[in-house]
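> Have a look at this one before I ask anything.
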Amino acid sequence: MKKLVTLFAFLLMATSAFAQDEFAFERFQFHADLNYDSGITSPAEYLGYELGKEYTFHHKVMDYFKKLDEESDKLTLHKYATTYEGRDLYYAVISSEENQGNIDAIRQANLSLANNPESTTIDDKPVVVWMSYNVHGNEPSSSEAAMQTAYRLVAGADQETVNWLDNAVVVIDPMMNPDGRDRYVYWYKSSRANILNTDANDLEHDEIWPGGRTNHYWFDLNRDWVWLVHPESQGRIAAYQEWMPQVHMDFHEQGFNNNYFAMPGTTPRNLELPADYDKWADAFGRGLIEEFDEANVNYATREAFDFFYPGYGSSYPSVMGGIGMLAEQGGHSRGGRAVETDDEYVLTLRQRVFDHYTNGVSIVKTAAENKEGLLSYFKNSVSQSSQKGNTKAYILPNDENDYTYQVVNMLMKHGVKVERATQNFTQRDSYNYWDGNSTNQSFEAGDFIIKTDQPKHLFINTLFRKQMEIEDSVMYDMSTWSVPLAYNLNASWTTRGVNASTEMVTEEVEYKSGLENSGAQYAYVIDWEQRHAPKALAKLWDMGYKVRSARRHFNNGEKTYSEGSLIVLIGRNFDKRDQIAADMQMLANEANVVVEGFDSGRMNTGMDLASSDSQPVDKPNVALMIDSPFSSYTAGQLWFLFDQWTELGISRIRSGSFSSSDLEDYDVILMPGSWGGLSGVWNESEIESL
Ligand SMILES: [Zn+2]
């Protein structure tokens, strides 16, 4: 009867967006007929509104998970990072009370399968399922769905849910990008009208630059899974490596006119992966589709999204040996609380939450019901038997000035074993990345060796292959990344085993730093070849030093210094002569560089330290153009480079304020790539006056 009345009410008000939104709450229920443990608070009870009525701020989502942690022995919450804006990131571990009593042993057993697959049996281990939500902050339905999914797993008293938690450990990362997500939610709340407006052109559906997709520095965290530039990624991967899940789902949203994207994806595929990856991706997709068919939710499979590039949340888990997957709900930043699609369907936030909730539950179900198959897929994919190609090792010559150390440290964060030669050696069948020719190459003690006979071979080969095999060239976006080429390293790969004696690298490799010849009487020099020399320059300016830069190289009888090397003449900084040694020590520590004291300015070869080729360099005033139509990604990268890596303060100027700014104040103006060229920013006479 209730249904009839509702339907009648709905028909009466069918033209009203409000009515359609209300009806969505009736239509899209979160398994309301199940038995739930009354001692566990539901999201609606905790928040004071039904999911789908509002967007929930980061702190409230986290508070809800903390509440679940308090109320239930099935869930524990763990902090793994803090964002630039000071928001804490957490993941929840959900399993049966019995498994939770034993959770560290379960985790260790899973790790031993990941690290020693050939000598570890599957036995009756639970399958580890990891679900990640809202990496793109303006794809906001998923964090709402994460709360309901966690509630269902923790409070569901039905036999099916109980069985799942006996057979699975479910890790939920409810919000991977809180800075971007809260940016979106603040904007949305400040733009929303009292009267629901489903017109996609309305303000509340038209987000402002730079949008909530990215993190504080406008980086796409869903391209950072491998490179680990940001604290969100660094903390997540540290936690991920402690768990090494067999299954991973990354929840996203796409344009509101698109129906739900369900697995599997499209080509090109990463052909390094075992062939069975496709079978499993399809099984998870079909598990969801069964639910969607029943609920009349529309979807599409095998379209648009490929998982070729390894730095997505949908692909990284696969090169770590598991089944990496993607979900894309229609909605995105224009979704609001409800939006009308091109074919006049009213897509509600309630439905978007429902769809992702349904998928989350379906993944746990499919994983728990297939745990033996998934564990044996995982065991196989991290075993040597699944390795393709004949590369035995990748060799990175020790170079303390380029990106080699950064790459080595990045690899170790992903659990890759890196060795270091303890003797000089010659390697046959060794191919240099830059010419590809096979030769006998000489390497030295201290060079880094990454062998492929280790469980992370899928990850290593995918990252290091100079050329990946590819079925077709239509990409979602990222198509090239070969690490030695991307980082400009003089590296090689070899198809023969490396016989040199080696030692394991067990700690992060550190760039050399420190002050040599403290108390020097003439000058201090910082070789420009050093990775962090630009940061040292910014700090010297900051400390008020007059700095020169070498236009020619010079040699003091011990070493040749490169062009660009920084020279601090004591005679030109005479007021600081009493503190300069202490300042240079601090500089060496803070900028992570070697600073060398010189007692004389007379060089053996090349220029003298105070030569006219030793040119004063003054701190430039730098402006960076931001806002529409400039690319927020490029603007963000430049801002990050100056703000974090170089620590040189710059002014970020909105395109709309530019013509009223006094350009004479700036020595350098950086213009990131833009959509539509500069004519989108200035008129012709303004461009002329530049
Ligand atoms: Zn996304």
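The values are calculated or read from the model by the stated rules, or taken from the named source; none is laboratory data. The structure presented is a predicted model; accordingly, all values stated were derived computationally and were not measured. So basically every Cβ, Gly included, is an ideal-geometry build from the backbone, and we count neighbours across all protein chains shown. Heads up: the accessible areas ignore ligands, DNA and RNA and are worked out on the full protein's heavy atoms, side chains in. Shrake-Rupley method; radii C 1.70, N 1.55, O 1.52, S 1.80 Å.
> What figure in square angstrom, to the nearest 10, would you give for the accessible area of LYS559 with a 1.4 Å probe?
For LYS559, the solvent-accessible surface is approximately 80 Å².
> Loop-only GluC sites (Glu not before Pro) in segment 42-123, please: DSSP not H, G, I, E or B, and at most 16 other Cβ atoms within 10 Å.
Those that pass, being in a loop and sparsely packed, are GLU50, GLU85.
> Compute the label zone of ARG552 within segment 602-645: residues whose backbone N is under 17 Å from the point 7 Å along Cα-to-Cβ.
Correct set: 602-616.
> Let me ask something else about it. Tell me, what does the Kirkwood hydrodynamic radius of segment 514-617 come to in angstroms if you use every pair of distinct C-alpha atoms?
Working: mean 1/r = 0.0759 Å⁻¹.
Here the Kirkwood hydrodynamic radius works out to 13.2 Å.
> Let me ask something else about it. Kindly provide the pair-distance distribution of segment 622-689 built from C-alpha pairs, with 5 Å bins from 0 and whole-percent values in order of increasing distance.
3, 17, 28, 27, 16, 7, 2, 0
> Along the three principal axes, how long is segment 151-258 when you take its alpha carbons, biggest first, rounded to the nearest angstrom?
48, 39, 24
> Rounded to a whole number, what is D in µm²/s for the chain from Stokes-Einstein with the Kirkwood radius over alpha-carbon pairs (25 °C, 0.890 mPa s)?
Taking Rh from Cα pairs, D becomes 87 µm²/s.
> LYS559: which lysines have alpha carbons under 26 Å from its alpha carbon, excluding same-chain residues fewer than 8 sequence positions away?
Qualifying lysines at Cα under 26 Å: LYS512, LYS535, LYS539, LYS546.
> With the full set of protein chains in place, find how many percent of the accessible area of the chain is carbon and sulfur; take the probe as 1.4 Å.
45 percent
> Next up: Taking amide H atoms as placed 1.01 Å from N in the peptide plane, list the residues 5 or more away in sequence, or in a different chain, whose amide H sits under 5 Å from that of VAL547.
For VAL547, whose amide H was placed from the backbone, the distant partners under 5 Å are VAL617.
> Still on this structure, I have one more. Within a Cβ distance under 14 Å of ASP199, other residues only, what is the Lys/Arg minus Asp/Glu net charge?
Net charge in that neighbourhood comes out at -4.
> Calculate, in nm to one decimal, what ASP667 and GLU590 gain on full extension: separation in residues at 0.36 nm each, minus their alpha carbon distance.
Here the segment from ASP667 to GLU590 would lengthen by 25.1 nm.
> Just how many % of Cα pairs in segment 231-373 lie over 27 Å apart, if you round to the nearest whole percent?
23 percent
> Tell me, how many Å apart are the Cα centres for segment 602-643 and for segment 537-584?
16 Å
> Could you state the orientation-averaged shadow area of the convex hull built on the Cα atoms of segment 584-628, in nm² to one decimal?
Values: hull surface 24.4 nm².
Its average projected convex-hull area is 6.1 nm².
> What list of ³J(HN,Hα) values in whole Hz, one per residue of segment 27-34 in order, does the Karplus curve 6.51 cos²θ - 1.76 cosθ + 1.60 (θ = phi - 60°) give from phi, with Gly and Pro shown as x?
Working through the residues one at a time gives 6, 9, 9, 8, 6, 5, 7, 6 Hz.
> Can you give the FRET efficiency to the nearest 0.05 for MET475 and HIS59, using r as the Cβ-Cβ distance and R₀ = 51 Å? Could you put the intermediate results ahead of the total?
Working: r = 38 Å, r/R0 = 0.74.
Taking R0 as 51 Å, the efficiency between MET475 and HIS59 is 0.85.
> For segment 2-385, state the average projected area of the convex hull of the C-alpha atoms over all orientations, rounded to one decimal in nm².
Details: hull surface 72.4 nm².
It is 18.1 nm².
> So what is the 222 nm mean residue ellipticity for the chain from helices alone, if each DSSP H run of at least 4 adds -39500 (n - 2.57) and you divide by all residues, rounding to the nearest 500 deg cm²/dmol?
-10000 deg cm²/dmol
> Averaged over every viewing direction, what's the projected area of the C-alpha convex hull for segment 574-690? Give it in nm², one decimal, please.
So the Cα hull casts an average projection of 10.9 nm².
> Spelling out what I want: for every residue of segment 185-200, take phi, set θ = phi - 60°, compute 6.51 cos²θ - 1.76 cosθ + 1.60 (Karplus), and round to whole Hz; glycine and proline get x.
5, 4, 4, 4, 5, 6, 9, 6, 9, 5, 8, 4, 10, 8, 6, 4
> Something else now. Find out how many positive minus negative residues lie around ASN604, taking Lys and Arg as positive, Asp and Glu as negative, among other residues whose Cβ is under 13 Å from that of ASN604.
That sum, taken over residues with Cβ under 13 Å, equals 0.
> Just add up the charged neighbours of THR214: K/R +1, D/E -1, any other residue whose Cβ is under 14 Å from the Cβ of THR214.
After counting each charged neighbour, the total is -4.
> Could you pull out every residue, at least 5 positions away or on a different chain, whose amide H is within less than 5 Å of the one on SER430? Hs are placed 1.01 Å off N in the peptide plane, and Pro or chain starts have none.
THR439, GLN441
> State log₁₀ I(q)/I(0) for segment 41-123 at q = 0.16 Å⁻¹ as given by the Debye formula over alpha-carbon point scatterers of equal weight, solvent excluded.
The computed values of log10 I(q)/I(0) come out as -0.79.
> Further question: Starting from the 7 Å offset along Cα-to-Cβ, what nm value, one decimal, do you get for the label separation of LYS466 and GLN234?
3.3 nm
> Work out how much length LYS388 to LEU485 would gain on full extension: take 0.36 nm times their residue separation and subtract the Cα-Cα distance, in nm to one decimal.
On the way: separation 97, 0.36 × 97 = 34.92 nm, distance 2.13 nm.
That works out to 32.8 nm of additional length.
> If the chain between ARG107 and GLU242 were fully stretched, how many nm would it gain, using 0.36 nm times the residue separation less the Cα-Cα distance?
Taking ARG107 through GLU242 to full extension adds about 47.8 nm, to one decimal.
> Each residue of segment 576-593 in turn: what ³J(HN,Hα) in whole Hz from Karplus with 6.51, -1.76, 1.60 and θ = phi - 60°, glycine and Pro shown as x?
Once rounded to whole Hz, the list reads 9, 4, 7, 10, 5, 5, 5, 5, 5, 4, 5, 4, 4, 5, 6, 8, 6, 10.
> What FRET efficiency, computed as 1/(1 + (r/R0)^6) with R0 = 30 Å and r the Cβ-Cβ distance, is obtained for LEU34 and THR341, rounded to the nearest 0.05?
Values: r = 31 Å, r/R0 = 1.03.
Given R0 = 30 Å and the Cβ-Cβ separation, E is 0.45.
> May I ask for the percentage of alpha-carbon pairs in segment 387-504 that lie more than 21 Å from each other?
Of all Cα-Cα pairs in segment 387-504, 35 percent lie more than 21 Å apart.
> Further question on the same structure: Amide H of SER562 versus every other amide H placed in the peptide plane: which residues, excluding those fewer than 5 positions away on the same chain, fall under 5 Å?
Amide H neighbours of SER562: TRP528, GLU529.
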